[in-house]
1. Among all lysine pairs in the chain that are eight or more places apart or on different chains, how many have alpha carbons less than 24 angstrom apart?
2. Quickly estimate the mean residue ellipticity at 222 nm for the chain, helices only: each DSSP H run with n ≥ 4 gives -39500 (n - 2.57), and the total goes over all residues, rounded to 500.
3. Could you check how much of the accessible area of the chain is carbon and sulfur, as a whole percent, using a 1.4 Å probe?
4. Describe numerically, in nm with one decimal, the distance between label points set 7 Å from Cα along Cα→Cβ at LEU57 and at ARG123.
5. For THR221 and ARG261 in one chain, what is 0.36 nm times their gap in residues minus the Cα-Cα distance, to one decimal in nm?
6. Evaluate the relative contact order of the chain (contact order divided by residue number), counting alpha-carbon pairs under 8 angstrom at least 6 apart; express in whole percent.
7. Treating the angle as unsigned and between 0 and 90°, give the value, to the nearest 10°, between the Cα long axis of helix 153-179 and the longest Cα principal axis of the chain.
8. What angle, in degrees between 0 and 90 and rounded to the nearest 10, separates the Cα long axis of helix 4-13 from the longest principal axis of the Cα atoms of the chain?
Amino acid sequence: MTAPCEIRQLHAAQGAVIAIKSRPPAKYSPKPAIADSDGNQIHNEILLSLPPKERELLLPKLELVRLKTHHVLHEPGDTLKSAYFCNTGLVSILSVFPDGRSVEVGLVGNEGFVGLPLVAGLRTAATRAIAQIEGSVFRVGGETLVEIFPQCPKLERQLQQFSQIMAMQVTQIAACNRLHELNERLARWLLMSADRVGSNSLPLTHELLAQMLGTRRSSVTVAVGALQKAGLVTHSRGEIEIIDRRKLEKAACECYGIMLRQVEEWHREAR
Ligand SMILES: [Zn+2]
């Protein structure tokens, strides 16, 4: 994960004008660096939270896979041969309709995992999982994961808890898609994405945002323009930069805060 100070340095080096007035993404919390046996740094919070004994058992069974934008991890109806601990980047969970339309119902970054039906002993995907911001995942075989659970009770419990977090998130986003205005949903989506990639700079096109928010590209262009005019974000060359996070939080619907508070509450309960 790139720390906020590193983001500033990166943009300065590229000659871009940038003024981050906001605080860091909500989830940003520096952790000690841990790498797998190939030297790949681990950012996934589930892997980082495991006791050393469980991590030593699991790590040799993981393979780091680089994901480009639009890489599909699974489609509805697919047999889940693999599962993924998201390490960097952003994965969207989409509900897909027979006519090809889709709308996003969940977002997974380095806090999470893709392949949750396996945790409940199920094998078939019900959604599409697709990389929206390029990054990397640690891939594990589905059978391998299930076989290791008896030796890794903390891992199994962590994945069960993440399953509940995703269920809560999907429920909230379903209501949000039905009840809240596009501008509010866009602000909520940008905040959620920034939290998950650990950066206020998001490589996103209007077309991608339209797919995620289940609306037309022209509507997204108007909504992004409104946020930009209000001084909350800047947008250029397929990149949206959050420049005033506090104001963006005020512009977002209440769904962002509801989900954040629920996850924090569950994290407190789980300690
Ligand atoms: Zn909402």
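The values are calculated or read from the model by the stated rules, or taken from the named source; none is laboratory data. Just so it is clear, the model here is predicted, and its values are computed rather than measured. Cβ: placed from backbone, ideal geometry, glycine included. Neighbour counts: every protein chain shown. Keep in mind that these areas ignore ligands, DNA and RNA; they rest on the heavy atoms of the full protein, side chains included. Shrake-Rupley method; radii C 1.70, N 1.55, O 1.52, S 1.80 Å.
1. Lysine pairs meeting both conditions in the chain amount to 19.
2. -13000 deg cm²/dmol
3. That share works out to 51 percent.
4. Between LEU57 and ARG123, the simple spin-label model gives 2.4 nm.
5. Gain on extension, THR221 to ARG261, equals 11.4 nm.
6. 22
7. Relative to the chain, helix 153-179 is tipped by roughly 30 degrees.
8. So the inclination is approximately 60 degrees.
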